[in-house]
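Before any comments, here is the structure.
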Amino acid sequence: MIPLYLITGFLGAGKTTFLKELITLFRNKRLALIINEFGKESIDGVFFKDKGAALSEISNGSIFCSCKLDQFEQVLKNIAQKKPDVIIIEASGLSNPQNVHRILGQPDFSTLDYKGSICLVDALNFHKVLYTALACKQQLSVADMIIINKTDLVTQESLNQTKALLGEIRPGIPAYTTSYGRIEKEWILYLKSGKDNNDKPLRQVADITLQKFLLDVTSVCSMELLREFISLIAKDTYRIKGFVNKGGQNWFVDCVGENIKITPYHGTADKLNRLVVLSGSGLPTRKSIISAIEKLNLSEDVLLK
């Protein structure tokens, strides 16, 4: 049997950082990764191309939705036939994984040993997304383990409130705390095979509560101007991320709400100066982008149609 782990967590919870830490626990194993991103542009997969793992990327939708389910199942079948030692799936931050047991319970996947779902929670933004994003509750509903990440950004009182709330939502499920996605081997050993697979069938429909935008910031001439542009639109987004080249240097842009991080990136990226923006339908994201373009006298081509 091939152990399979599912990593979930709403946008910005730190799944990719956590996954980097997790794969170090399987350093001497033949590892297969499936990276799923909701946006059209694949970004996170770049970080794993030199990690020695077999990498498969599925973008522009959730692997658990009807729009991508067939592709996901085919990719998983192909991986299973190659018999890796371990399979890890990083689901989109906007995914609804409530049908995971039914998918993996099919005869085609009889060689897979589903160890469970590890749900990452953003300690700083959890209270906000819990009540505004349905996907957050859906991911928690099938979690076999919860990891509260980014605890260095909150007070002990706030952390205690988050732990208490999670205890009410998923009583009996272990919840560990960490920062920077760090993980202890003992946490993974907790996960056992043979999870309950009696999840109820769910009608799989497109989530119309989400907005996706793609920005081309090639014409934004400096890092200072780019940061100002992002700061003007950040409040009306869930997530902004992508790779840019400014001043002869590659940078990784990673914005969760109004928490903006732009750090040097020394690897290679297929597409530079493209930013993926994800937000909720109730947020005036397009209006904010257009307003920022006008305020900073940027080209209208920044917002790709």
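Observations on the structure shown:
- Among 279, 219, 231: highest mean-square fluctuation, GNM of the chain, C-alpha pairs under 10 Å: 219
- Only one residue of 91, 71, 138 has its Cα farthest out toward the positive end of the dipole of the chain, where Lys and Arg carry +1 and Asp and Glu -1 on Cβ, and that residue is 71.
- Projecting the Cα atoms of 279, 259, 17 onto the charge dipole of the chain (Cβ charges, centred on the Cα centre) puts 17 farthest toward the positive pole.
- The charge dipole of the chain, taken about its Cα centre with unit charges on the Cβ atoms of Lys, Arg (+1), Asp and Glu (-1) only, comes to about 340 debye.
- DSSP bridge pairs, the chain: antiparallel proportion in percent, nearest 5: 45 percent
- With a simple spin-label model that places each label point 7 Å from the Cα along the Cα-to-Cβ direction, the separation between residue 227 and residue 262 comes to 0.7 nm.
- The distance from the alpha carbon centre of the range 127-153 to that of the range 221-289 is 23 Å, rounded to a whole number.
- When only the Cβ of Lys, Arg, Asp and Glu is charged (+1, +1, -1, -1), the dipole of the range 210-304 relative to its Cα centre reaches about 240 debye.
- MRE, 222 nm, helices only [DSSP H, n ≥ 4, -39500 (n - 2.57), over the chain, to nearest 500]: -8500 deg cm²/dmol
- Selected from 63, 35, 230 as most flexible by GNM, with the chain as the system and alpha-carbon contacts under 10 Å: 230
- Between the residues 81, 100, 181, the greatest Cα displacement towards the positive end of the dipole of the range 2-190, with unit charges on the Cβ of Lys, Arg, Asp and Glu, is found for 81.
- Contour minus Cα-Cα distance for residue 158 and residue 270 (0.36 nm per residue): 36.4 nm
- Those GluC sites (Glu not before Pro) in the range 146-184 that DSSP places in a loop and that have at most 15 other beta carbons within 10 Å: 184
- Helix 156-169 vs. the chain, principal-axis angle (Cα, 0 to 90°, nearest 10): 50 degrees
- The Cβ shell under 14 Å around residue 81 holds other residues with a net charge of +2, Lys and Arg each +1, Asp and Glu each -1.
- Residues with amide H under 5 Å from that of residue 112, placed H, sequence gap 5 or more: 2
- Rounded to 10°, Cα long-axis angle of helix 66-81 versus longest principal axis of the chain: 60 degrees
- The loop-placed GluC sites (Glu not before Pro) in the range 211-261, going by DSSP, that have at most 15 neighbouring Cβ atoms within 10 Å of their Cβ come out as 258.
- Cα gyration tensor, the range 210-304 - rounded (a/c under 1.5), prolate or oblate: prolate
- 5 angstrom amide H check on residue 58, placed H, neighbours 5+ away: 35, 36, 37
- Overall form of the range 68-169 per C-alpha gyration tensor (a/c, 1.5; a/b vs b/c): prolate
- Distribution of pairwise C-alpha distances over the chain, 10 Å bins, in %: 6, 27, 35, 23, 8, 1
- A Gaussian network model of the chain, with springs between Cα atoms under 10 Å, assigns the largest mean-square fluctuation among 84, 171, 284 to 171.
- Residue-wise HN-Hα coupling along the range 226-233, computed from phi with Karplus coefficients 6.51, -1.76, 1.60 (Hz; x: Gly, Pro): 5, 4, 5, 4, 5, 5, 6, 10
A short reminder: the numbers here are calculations on the coordinates, not readings from a lab. Note that this is a predicted model, so its numbers are computed, not measured. Counting neighbours? That spans all protein chains shown, and the Cβs are built from the backbone with ideal geometry, glycine included.
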